[in-house]
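One structure is given below, encoded as structure tokens.
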Amino acid sequence: MLRSLGQRPVTGSDEDPRITELRTAVSRLRRELAAHPAEFPDRAIAEDELAALAAMATGGIPEIPRLRRSLLLIASAIGSVSALSGGLSGVRQAVDLFGETPRT
């Protein structure tokens, strides 16, 4: 993705920019997690939830409660790994683009 070079996505694209941002952030964190040498107990949970977020990003507009649940599980699983904090923040910011869960 050219986003890291400061370039904007091509205008006229039919894709929701929030989806693009989510896909980019999830991809970045997945790469960082794969490259991280240390094993930790909840690594598989983080990997599974990142895969779920990636799938949601390809299936149209995701459900906000499900996005937030995945984010919470990922943060719980890797929150203490400081090397992954930047990628985790990126995913959180991308999820926040979808707004708050409506209250009933």
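Listed values for the stretch 84-97 are Karplus-derived 3J(HN,Hα) couplings in whole Hz (6.51 cos²θ - 1.76 cosθ + 1.60, θ = phi - 60°), namely 9, 5, x, x, 5, 4, x, 5, 4, 5, 5, 5, 4, 4, and x replaces Gly and Pro. Of the solvent-accessible surface of the stretch 51-99, computed with a 1.4 Å probe and all protein chains present, 58% belongs to carbon and sulfur.
The values are calculated or read from the model by the stated rules, or taken from the named source; none is laboratory data. Nothing here was measured: the structure is a model prediction, and the numbers come from that model. Just the protein is used for accessible areas: all its heavy atoms, side chains included, with ligands, DNA and RNA removed. Shrake-Rupley method; radii C 1.70, N 1.55, O 1.52, S 1.80 Å.
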